[in-house]
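Bear in mind that the values in this text are calculations on the coordinates, not laboratory data. The structure presented is a predicted model; accordingly, all values stated were derived computationally and were not measured. Glycine gets a Cβ as well: all are built from the backbone with ideal geometry, and neighbour counts include every protein chain shown.
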Amino acid sequence: MDDVDYRELKGGKNLVSRISIAPMVDITDRHFRYFCRLLTKKSMLYTEMITSSAIIHGDRNKLLDFDPFEKPVALQIAGCDKKEIAEAVKIAEDWDYDEINLNVGCPSDRVSGNQMGAALMAYPELVAEIVQAIRSATKKPVSVKHRIGIDGTNILPGSLSKVVFDKYEDLEYFVKTLFQAGIKHFIIHARIAVLEGLSTKENREIPPLRYEDVYRIKEAFPDLFIEINGGIRTIDSIKEHLRYVDGVMLGRVAYENPFILTKVDQFAEGGKVNNVSRREIIERLIDYVHQFGVDKRTGHQALKNVLGLFHNKRGSRLWRQLLTPPWQEGIYAKDVLEKALRILPEEVLDEKQEET
């Protein structure tokens, strides 16, 4: 396919590509985002999914605070009540996120069972009303993250009918409805969500990937910014997807093999690989965790999602052992990282990525 024109494949539009790191529950907290920003300077980072109700009634500072170093960072919000979501978005304005993203893709029982997430795909008109309410509450860019379809029980009040919303035509109608409501940026996970019988983890693995459906959406709506998500784990696969769509969202690979993120800035306009070593990353993490001092709980939290930094490299097992609690009495996050610099293989610590 090397003779196919990249501009033609993208419809001649939106030629600035984007790489982003998916919102992941229990992973993409502020500590992980700080870590990611050390690895990639240009990718969009996301919060974990936060419900509109939690923002209104919960500890807002705990939920919404972030270090300016993390920017650009997007807030992902979930809910089904348009007035409540609009109120939550107005509250979040004080935190100056770079983008507001509506979650219409989470398949977990806890989310879909509360009329949020992927279950909302069965109601394109309702989602259109929600995004219109969000757009009225903020001047920030608004995007929607969703699946290519759903298979499950209709969960809105008064209805228990079976819903299968998984044909390409269903997806196209969903996108068209939201486009008419003013949404121009869609992040599409290229699997359906099975709302009954599969766990959240299984929903990331069992439904087959249908990348072609996402490509077809870009062909059908060339003026929209279409970002693809699901099962993307290598630089070569990122390159291939960017022949057809405008952006790629990386999920679990960012946690399992985070050093790959030092390569992804090459896909941004004027970008190049982030020529940084693991040693330099750890040194910056030492500076970061220094603020937590003898607070072991926060120190553990800050380091729990950096275990993959030595993925498939000599020293990986030792790195994981060092970071995994419990730590010895009198040993804190800063001490653990300093010890890692002393005992891990120097050639792995000093390795840097090359542009591919």
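Points worth noting:
- Multiplying the residue separation of LYS62 and GLU283 by 0.36 nm and subtracting their alpha-carbon distance yields 76.9 nm.
- Taking 7 Å steps out from each Cα toward its Cβ at ARG342 and ASN312 produces label points 3.2 nm apart.
- Span per principal axis, largest first, for the Cα atoms of the range 38-95 (Å): 36, 20, 16
- Label positions at LYS71 and LYS176, each projected 7 Å from the Cα along the C-beta direction, are separated by 3.9 nm.
- Neighbour counts of C-beta atoms inside 10 Å place ASP236, ASP81 in the sequence ASP236, ASP81, starting with the fewest.
- For the range 244-344, the number of Lys pairs with C-alpha atoms closer than 29 Å, counting only pairs eight or more positions apart or on separate chains, is 16.
- Straight-distance crosslink candidates among lysines, where the alpha carbon sits under 20 Å from LYS167 and sequence neighbours closer than 8 are dropped: LYS145, LYS176, LYS218
- Global geometry of the range 14-267, whether rounded, prolate or oblate, following the gyration tensor of its Cα atoms and the 1.5 cut on a/c: rounded
- Based on DSSP H segments of at least four residues, each scored -39500 (n - 2.57), the chain has a per-residue ellipticity at 222 nm of -10000 deg cm²/dmol.
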